[in-house]
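Structure record follows, encoded as structure tokens.
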Amino acid sequence: MVTDRLNRPLKDLRISVTDRCNFRCGYCMPKDVFGKHYSFLNSNALLKYQDIERLVGIFTNLGVHKIRLTGGEPLLRQDLEDLIRRIAGIDGIRDIALTTNASLLTSERAASLHEAGIRRLNISLDALNPEIYARINQVPVPLQDILDGIRNALDVPYDVIKINMVVQKGVNEDDILPMCEYFRNTGAVLRFIEFMDVGNHNRWDLDKVFTAREIIDLINPVYPLEPIRANYRGEVSKRWRYVDGQGEIGVISSITQPFCTDCARARLSAKGEVFTCLFASSGYDLRPLLDGNLKDDEILERLRRLWLQREDRYSMDRMSNLDSPSDGRASQKVEMSYIGG
Ligand code: SAM
Ligand code: SF4
Ligand code: SF4
């Protein structure tokens, strides 16, 4: 096990398998920036599955047991099930999860991902009102496709299915209660995420954050809630249960109650750079090490040193930096679709 300068172990690895997406959610890949002329990675620049498999094996020797596959939209990457099977076969991996917008989640796909080794699925859905949904994702994918995708997932025995809703003030807070109504008693856990200042282009502003407190205050009078204990130390989502026994919800308050003190997560970009924070401006490129035929224990040693030096705590520092948005960091952050959300 290795701990960083703030005494945080390395436990989770998020792997972005592609920087591409078939959606253009304004808070992540705004259309005016990620348009026709945006240069995405070529397929030969993507880390190959055998390299990802090898790196995951090395990461397990540093304490990583949980993997999440993400992107961009991970279901766009060819034969993702092959990668999942490879990772599932690695000693020390206890949990493989996937985050998707569910637009490509046919019933066959929902079953084959599970069969390959995915046990937990996060599906992003920001509204049940079709017009609001389309306004957020900016592509002509019918909302019904996503609802069908969720239904397909629910038909498979995944351990956990979570539905992630990013709440933006003035955009989709009116959909919070309909989302509660729709997902109560389905077995899926609805999670509300505060809108974050990821990347450089989403025009984030504190005034656009519908806070965790506001979310709970809105739901509680209609569907009374009570807090429940975290599943494990460092769980980013605060858990609540409906008092009438119809399930639970979660609230991720990255803005108003940051959780950097427990952050045990590294991210691997689609082309092979390691980032120690979602808000980092640069990553540590593993590609030259892979191409230079370094041995596993040499790569492990580089990663160990990287983690030992880590002192990221962007979200905790954010509040004090709000008065000086041009402090230099704001223009240099890596994009979330690239690094993996
Ligand atoms: N395309 C997949 C999806 O949307 O589920 C996976 C990648 S996406 C970057 C992962 C998660 O990041 C999604 O749940 C998305 O809602 C969330 N996300 C993206 N931009 C965000 C932002 N500015 N604030 C909060 N969450 C954000
Ligand atoms: Fe694509 Fe997910 Fe980003 Fe939306 S949040 S643009 S679906 S990567
Ligand atoms: Fe972790 Fe960085 Fe997010 Fe803090 S801001 S919780 S260190 S990823």
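Summary of values
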{"quantity": "Qualifying positions in the stretch 1-41 - more than 16 Å from ligand 1 (Cβ to nearest atom), of a type in the set (D, E, K, R) and either free of Cβ contacts under 8 Å to residues at least 60 places away in the same chain or outside any loop (DSSP other than H, G, I, E, B) (or both)", "calculated": "K36"}
{"quantity": "Filtered residues of the stretch 303-324 (kept if at pLDDT below 70 and open to solvent by 90 Å² or more (accessible area, probe 1.4 Å))", "calculated": "D323"}
{"quantity": "Candidates G283, G340, G245, G250 - the one that is on the phi < 0 side of the Ramachandran plot and out of contact with any helix residue (DSSP H, G or I) (no Cβ under 8 Å at 6 or more places or on another chain)", "calculated": "G250"}
{"quantity": "Residue that is charged (D, E, K, R) and open to solvent by 60 Å² or more (accessible area, probe 1.4 Å), where the choices are K162, K169", "calculated": "K169"}
{"quantity": "Residue within the stretch 210-231 that is in contact with a Lys or Arg (Cβ under 6 Å, 6 or more places away or on another chain) and closer than 21 Å to P130 by Cα present", "calculated": "yes"}
{"quantity": "First in the stretch 94-119 and within 21 Å of M165 (Cα to Cα) and charged (D, E, K, R), second anywhere and modelled with pLDDT of 95 or more and away from ligand 2 (no atom under 16 Å from the Cβ), Cβ under 8 Å, 6 or more apart", "calculated": "R119/D95; R119/I96; R119/Y158; R119/D159; R119/V160"}
{"quantity": "Strands (runs of 3 or more DSSP E) wholly inside the stretch 160-278 containing at least 3 residues that are closer than 19 Å to D126 by Cβ", "calculated": "160-167, 189-194, 248-252"}
{"quantity": "Test: residue in the stretch 87-100 that is open to solvent by less than 10 Å² (accessible area, probe 1.4 Å), in a strand (DSSP E or B), within 16 Å of ligand 3 (Cβ to nearest atom) and in contact with a strand residue (DSSP E or B) (Cβ under 8 Å, 6 or more places away or on another chain)", "calculated": "no"}
{"quantity": "Selected residue (criterion: most open to solvent (accessible area, probe 1.4 Å)) from residues of the stretch 249-285 that are at pLDDT below 95 and of a type in the set (F, W, Y)", "calculated": "F259"}
{"quantity": "Looking only at the stretch 286-299, and only at residues there that are more than 23 Å from G71 (Cα to Cα) and open to solvent by 40 Å² or more (accessible area, probe 1.4 Å), the one that is nearest to ligand 1 (Cβ to nearest atom)", "calculated": "D291"}
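The values are calculated or read from the model by the stated rules, or taken from the named source; none is laboratory data. Keep in mind the model is a prediction, meaning the values are calculated, not measured. No Cβ is skipped: glycine too gets one built from the backbone with ideal geometry, and neighbour counts run over all protein chains shown. Surface areas here come from the heavy atoms of the whole protein model, side chains and all, with no ligands, DNA or RNA. Shrake-Rupley method; radii C 1.70, N 1.55, O 1.52, S 1.80 Å.
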